[in-house]
Amino acid sequence: MDYKTHTLTSLNAFSKLLLDYLAEKPVLKTFYNNGPRLENFKDQIASKSTFPAANRAILQTVLSEQYAAIGAEMPAVDLRDENTFTVTTGHQLNIYTGPLYVIYKLVSTINLARKLQKAFPTQRFVPVYWMATEDHDFEEINHFFAFGTKYEWNTSQKGAVGRFSLSDFPRIPLRNEIFDKAYSEGKNLSEAVKMYMHALFGAEGLVCLDADDARLKSIFAPIMEADLKQQVHEPIVRATTEKLEALGYKTQVSARPVNLFELTDNDRVRLETGDSVDITKASPNVILRPLYQEVILPNLAYIGGPAEVAYWLQLKGIFDLHQVPFPILLPRNFAIVKTQKQAEKAEKLGLSLADLFKNELALRRDFVAGRTSHKLDTDQEAQNLMPILAELAARAKAIDPTLEASVHAEQARWTKGLERLAKKLKRAEERNQGDEVRQVLALKEALFPAGEWQERHTNFLEFASDYPDFIHDLLQTFDPLHFEFYEITL
């Protein structure tokens, strides 16, 4: 696996909020505690050192039982130890892992734990996958793309997806022992995902947690009660959101007066002001889920995508309200994977990664313009006409003021005529370069399938089938504290 990296700013594909956060711009400092640097983990460890022993004991028990339920041995960690801490990523329960970036999140998290272990050898660091078992957006997770085909699970089940029965899970024609076993033996979607994630990453120390557990909810109960009965969080999040937007940043989420759902056997019902619920059956929404995570885990850092980093920055106020340390936020590693043949094609065509990030129209236009020996625009001609037309307008006005408008009308027609001519020149030159243009667009489609980033579309099996060491090599390649875009060639 060969690779090179590119600065995020060079690709013109990432939000100003993420770039300013990574640059630790002073204007954002009030929205988090410790910035995304290795040396800041010393203070982060100190801030989490008072994590309650009772919470650790409950967490260890729940995890041990969950692994026993799938017939697996939990990675050898003891979260009851006061010197053991977690670093976490979270994601929905996509079938067959979903798009590539889910793998990237997990690899980034495992590598962060390893990096911290070297830097702080007297502590123990555990990578955790927070399974979004209580999520109900089934349409976001019920499919994946591999080898140009969409594989999909359609079911009438509703509610928390982790509780979904696998009785109607489809037969996926991609034979794979790990997934075949998980979906045939798991009692529900949560167990299936835990089984295949453990098979893929358990040997790397990854711990999978399903927080849909009454004992864990009991720890978080006072905060959920405050949300349900006093609506304490919405004003805080709204104020933070307004501050970020006043600074020109785009925000991701909006708080509600009540930020909870009630989980039933087959539904997930939004709670409103005045409702009552068995609090251990309540489920935090996107606003409270990060706080729930940090209350039940001895956690130091959260690794997520750009949108996740952005919405966490909206939430620091509610962490402060409950005196819960705000974790260090890190974006996951970003990557595009090319075969050797694709890499050679890009080099032959003179295409950089930044070129491929352009939309199809801009890519085609810039490619043709960069390879032609002809001048394709008419900007200079239009500029040369301006003094001539200005002189004509002045002369016409002197003879008859009403003629000035006629000159201006002719000017507009000539300008548009030159623009039309330029378009014809560009189209003609594009036809002259037709073979190369088709190759460019074919490469763009291969690396950005359906107009999406590869990592947001393609399943990892598309590469792992021919490169069995794909995940292993990613673990050797990614650096979770190197905030650049990886261009990988297999």
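The values are calculated or read from the model by the stated rules, or taken from the named source; none is laboratory data. As the structure is a prediction and not an experimental result, all values here were calculated from the model. Cβ placement follows ideal geometry from the backbone for every residue including glycine, while neighbour counts extend to all protein chains displayed. Side chains are part of the model used for accessible areas, which takes the heavy atoms of the whole protein and leaves out ligands, DNA and RNA. Shrake-Rupley method; radii C 1.70, N 1.55, O 1.52, S 1.80 Å.
For K341, a cut-off of 22 angstrom between C-alpha atoms picks up these lysines, skipping any fewer than 8 places away in its own chain: K4, K358, K444. Element breakdown for the chain at a 1.4 angstrom probe: carbon and sulfur atoms account for 50% of the accessible area.
Computed from Cα positions, the angle between helix 404-432 and the longest principal axis of the chain comes to roughly 60 degrees. Rounded to the nearest 10 degrees, the angle from helix 189-201 to the longest Cα principal axis of the chain is 80 degrees.
The H on the amide N of A301, modeled in the peptide plane, is under 5 Å from the matching H of T88, I328, each at least 5 residues off or on a different chain.
With n ≥ 4 as the cut-off for DSSP H runs, can you work out [θ] at 222 nm for the chain, using -39500 (n - 2.57) per run divided by the number of residues, rounded to the nearest 500?
Details: 20 runs with 230 residues, N = 490.
Here the helix-only value at 222 nm equals -14500 deg cm²/dmol.
If R0 equals 35 Å, the separation of the Cβ atoms of R456 and T264 corresponds to a calculated FRET efficiency of about 0.60. Put a plus charge on the Cβ of each Lys and Arg, a minus charge on the Cβ of each Asp and Glu, and nothing anywhere else: the dipole of the chain about its Cα centre is then about 1000 debye.
The HN-Hα couplings worked out from phi for segment 233-243 by the Karplus form 6.51 cos²θ - 1.76 cosθ + 1.60 (θ = phi - 60°) are 8, 4, x, 5, 5, 4, 5, 5, 4, 5, 5 Hz, whole numbers, x standing for Gly and Pro. By the rule of a C-alpha distance below 24 Å, with chain neighbours fewer than 8 residues away ignored, the lysines paired with K29 are K16, K42, K48, K243, K250, K316. Inverting the pair-averaged 1/r between distinct Cα atoms of segment 441-489 gives 12.3 Å as its Kirkwood hydrodynamic radius.
When the charge dipole of the chain is built from unit charges on Cβ atoms (+1 for Lys and Arg, -1 for Asp and Glu) and taken about the Cα centre, the candidate among V87, T155, P26 whose Cα reaches farthest toward its positive end is P26. The H on the amide N of V126, modeled in the peptide plane, is under 5 Å from the matching H of F85, T86, V87, each at least 5 residues off or on a different chain. Looking at the square roots a ≥ b ≥ c of the eigenvalues of the Cα gyration tensor of segment 183-334, which shape do they give, rounded for a/c under 1.5, prolate if a/b is larger than b/c, or oblate? Because a/c hits 1.5 or more and a/b fails to exceed b/c, segment 183-334 counts as oblate. Once both labels are positioned 7 Å from their Cα atoms along Cα-to-Cβ, the gap between T50 and D466 label points is 5.6 nm. Note on K397: aspartates and glutamates with a C-alpha under 16 Å away, same-chain residues under 8 apart excluded, are E410. Overall, segment 26-108 carries a charge dipole of about 360 debye about its Cα centre when +1 sits on the Cβ of Lys and Arg and -1 on the Cβ of Asp and Glu, all other atoms neutral. Considering only N384, A310, Q342, the residue lying farthest towards the positive end of the dipole of segment 294-391 is Q342, judged by Cα position with unit charges set on Cβ. What FRET efficiency would be calculated for the residue pair K281, Q340, taking the C-beta separation as r and a Förster radius of 56 Å, to the nearest 0.05? For R0 = 56 Å, the calculated efficiency reads 0.55.
Overall shape: prolate for segment 138-248, with the ratio a/c of the largest to smallest alpha carbon gyration tensor axis at 1.5 or above and a/b above b/c.
Dimensions of the chain along the principal axes, based on C-alpha atoms and rounded to the nearest Å, stand at 93, 52, 49, largest first. All other residues whose Cβ lies under 15 angstrom from that of A394 are scored, Lys and Arg at +1 and Asp and Glu at -1, for a net of -2.
Going by the alpha-carbon gyration tensor, a ≥ b ≥ c the square roots of its eigenvalues, is segment 1-147 rounded (a/c under 1.5) or, if a/c is not under 1.5, prolate (a/b greater than b/c) versus oblate? In terms of gyration-tensor shape, oblate. In degrees between 0 and 90, to the nearest 10, how far off the longest principal axis of the chain does helix 214-230 point, with axes built from Cα atoms? Computed tilt is about 60 degrees.
Which semi-axis lengths, in whole Å and largest first, follow from the square roots of five times the eigenvalues of the Cα gyration tensor of segment 60-176?
On the way: eigenvalues 194, 63, 31 Å².
Here the semi-axes work out to 31, 18, 12 Å.
Could you provide, to the nearest whole Å², the per residue accessible area of the chain with probe 1.4 Å? Walk me through the intermediate numbers first.
Numbers: 22450 Å² over 490 residues.
On a per-residue basis, 46 Å².
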